[in-house]
Amino acid sequence: MVQSVRATDRLQLCGADVLLAIFLLILSVHLVNTASDYDPYKILGVSRSASQAEIKRAYKSLAREWHPDKNKDPKAEDMFIKISKSYEILSNEERRSNFDRYGQMDDNQPFGQSQHQGFRSFHNSFYFDESFFHFPRSRDFADSKYLLHHAQFNSDVLPDSHRRPYLIKVTSEWCFACIHIEPVWKETVQELEPLGVGIGVVDLGYERRLVNQLGAHRAPSIIGLVNGRVTFFHQAVVREHLRQFIEDLMPNKLVEKITDNNYLSFLDSWHAENKPSVLLFDQVPVVPLLYKLTAFAFRDYVRFGFVDQGDMHCTRLLRQFNINTYAPTMLLFKEYTEKPVDIIQARGMKRQIMDEFVSNNKFLQVPRLVNQQLFDELCPVKQFHRRRKYCVLLITGEDPAFVAGNKAFLDFASANRKDILRFAYVYQSQQQPLCHVLLHNQASLSPQVVILERRSQAGKVLYRSVSGGWNGSEEDKYRLHEQLELLQKDPAYLSSDATLPELNNEMAPIFIIQWMNAAYDYIIQIYDDLLYSNWREMMPILSLIFSALFILFGTVIIQAFSEPGENKPRKPKPREQPQTENDPTSRASTSSRPPKKDFVEVTELTDITYISNLVKLMPGHINVVLVLANVSKNALLRKFAKEVFSFSGTQTLHFSFLNIDKHCNWMPSLLRSTSGVAESKAQSDEDEETSDYTGHVLALNGHKKYFCLFRPVFTGDDPNDSSSESSFSSDNRRKSRSRSRGSSRATSIEVHHKLDRLGLWMERLMEGTLPRLHVPAWPSLDENPNTS
């Protein structure tokens, strides 16, 4: 009996194992089939070798066909999601390559594991009930139609944020906190979207690039986007908080509070602002969000004001315009402030009605052209024959003398309003490039009227000036009306053509205002990030700040703990500059056996070489000449070569020597020939006291006929002594010093000390800071000094 029971148990266990194996086999086959069935190429209907243009064209066609708002098929939602996902994969070259190789369909999935992709489809087919884990079966389609991609965000959403604010939710799959805020999010979307707020949803797992651009690194996150600026929502997710969050994102001065005291100044500001004015009358004390959103969208075209009908300070305003207090009312004013040009009144004011009301009246009857954008919208480029737009332009001035003519032009425009005519005016002083082209570079003292038609975005126009100018008289009005009638009958009436320059932006704020606004936004953003600990975005800035503080305080601490004497400059150090002459190349040149190529070529000035090396020397070249005698020739040449070796690589320098024993009259003749400088006379007088010119060095510019002179000065035991620097810094100081010591001391200089300071003198020669002595002509080598 026991054995039969055990056998029965074994059969039951084997049967259970077989059933489990069959179930797992069916499950695996289902997963593989599901993974293999999903092919983005088949969904879009393109081949695997299709180009990006073909893929994009197929996507657009299928998206229009299967969009749930247009296609009522029950499978339209799922098909639209598959089409969008397929395009997302194939439009990205990296994802497309991963799919072609491994069947991978997202960036976060490891290679070679595409079979797990089918689990989502399996989960959608075999799922637990929501009440089991309180988890949704799949993403709601209400979120799917708001999904944002990186390219779409930068091309569409970011520019559109300058016209309306966006509320963006960052979510991800298997996010329980995202499920918790879902009911509030749906209610908020249903309330704010009809008002004109843009809605977006970003998947944290799929759109990594977009998430990094937004700075959102966790789910759920709610972001506000206005004017391209990203702001995070940090309060409790409640509908009232989200609504207030959107209101706080918009600028503060969008809508002005209007009462009996300021309504006249508000309506009369059309001339300075160059915009129409809109007044909204309502029974609520605060400005409705719908009205703020409309004002934000049209803030560049229209000024908005709000009147509280329950305020006791608005009774005169209500009585003047006969406002019905039972429904919200909108009045639009242009140049004539006594009577509105348009009015709407409705209890259920809709955003679409308000947008249409404002967009149909966003220009004055005769606006002033203040920038290129207004010119493009007011006078668009001709596209078709039936869409011709002629711009009647008044070129006038800002002085009070032009007011009467401008008023007459406004009356004419009001009486001749037609769909093909656009009236505008410009100030000649503000738009000079435009006026010079239309007036043929002639400044006009009286107003002129020009009729033009734009032909291209590059600025090409056809135009014709109205003869006789414009003074606002009845004759001027009749003449303009007659020419407009001729223009409508014959478009070839515009006989002149020109290319207009871009208009100056008269309303652009000055640079300091733009900089202050940008700095304010940046400081607010930093404060917000610090307050709510957005450390990932703040880490580069904090690193830069702490690095600067570390360097600053480190320098202060080092200076504080250093010895007082270390910061004081030592006296011998500034005079160590001549030691740079004893660099490795100089030491190599003074060794007993220098290399064969490390030498300085020094030629002797003789009757043969004198002309070529001095008189006819090439322009820009200088010949450095050492004066020596037979006794000191070898010692001075070795010292001279050592001092000038570091300059021998300069191609414009030549080195020579002059034997004073052979040409004893040349130096006195050269010094006597210097003229025009007082210090040259002092030099000549001093040179007469001694006839020893050995050790003198001259830098001769044969082309410009000037020379610089180096005189040897006794430097004592220390060649780096600073007292010797006076030998070439100031000739007057050298003269007084030589007189105090006497001429006998000057002649007693040892030969090997005469050229100690030649290296510094050569550096000043290369810098061009040495005094120049000019000569009328170079003396000959055999010339007598008395004849000179």
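The values are calculated or read from the model by the stated rules, or taken from the named source; none is laboratory data. Keep in mind the model is a prediction, meaning the values are calculated, not measured. Cβ placement follows ideal geometry from the backbone for every residue including glycine, while neighbour counts extend to all protein chains displayed. Heads up: the accessible areas ignore ligands, DNA and RNA and are worked out on the full protein's heavy atoms, side chains in. Shrake-Rupley method; radii C 1.70, N 1.55, O 1.52, S 1.80 Å.
Paramagnetic label reach from residue 94 (point 7 Å along Cα→Cβ; backbone nitrogen cut-off under 15 Å): within the range 146-182, residues 150-151. Solvent-accessible surface of the range 40-103, taken per residue with a 1.4 Å probe and all protein chains present: 62 Å². Rounded to the nearest whole Hz, the Karplus-based 3J(HN,Hα) values (6.51 cos²θ - 1.76 cosθ + 1.60, θ = phi - 60°) of the range 242-250 follow the sequence 5, 5, 5, 4, 5, 5, 6, 6, 7, with x at glycine and proline. Among the listed pairs 339/477; 56/145; 60/275; 60/389; 60/292; 85/350, those whose Cα-Cα separation exceeds 29 Å are 60/275; 60/389; 60/292; 85/350. Computed from backbone phi with θ = phi - 60° and the Karplus coefficients 6.51, -1.76 and 1.60, the 3J(HN,Hα) list for the range 69-75 is 6, 10, 9, 8, 5, x, 8 Hz; x is used for glycine and proline.
With R₀ set to 56 Å, the beta-carbon distance separating residue 505 from residue 607 gives a calculated FRET efficiency near 0.15.
The overall shape of the range 141-249 is rounded: from the C-alpha gyration tensor, with semi-axes ordered a ≥ b ≥ c, the ratio a/c is less than 1.5. If you take the charge dipole of the range 141-249 about its Cα centre, with +1 on Lys and Arg Cβ and -1 on Asp and Glu Cβ, which of 180, 161, 200 is farthest toward its positive end? Highest projection toward the positive end goes to 161.
Here the gap between residue 457 and residue 557, fully extended at 0.36 nm per residue and compared with their Cα-Cα distance, gives a gain of 29.7 nm. Of the listed pairs 382/489; 407/460; 362/489, which have alpha-carbon separations greater than 20 Å here? Too far apart for the 20 Å limit: 407/460; 362/489.
Computed on protein heavy atoms with a 1.4 Å probe, the accessible areas place 48, 351 in the order 48, 351, largest first.
Each residue of the range 280-289 was assigned a 3J(HN,Hα) from its phi angle through the Karplus expression (A = 6.51, B = -1.76, C = 1.60, θ = phi - 60°), giving 10, 10, 8, 8, 8, x, 10, 6, x, 4 Hz with x at Gly and Pro. Placing one equal scatterer on every Cα of the range 256-360 and applying the Debye formula, the log10 ratio I(q)/I(0) at q = 0.13, 0.18, 0.22 Å⁻¹ is -0.41, -0.83, -1.32.
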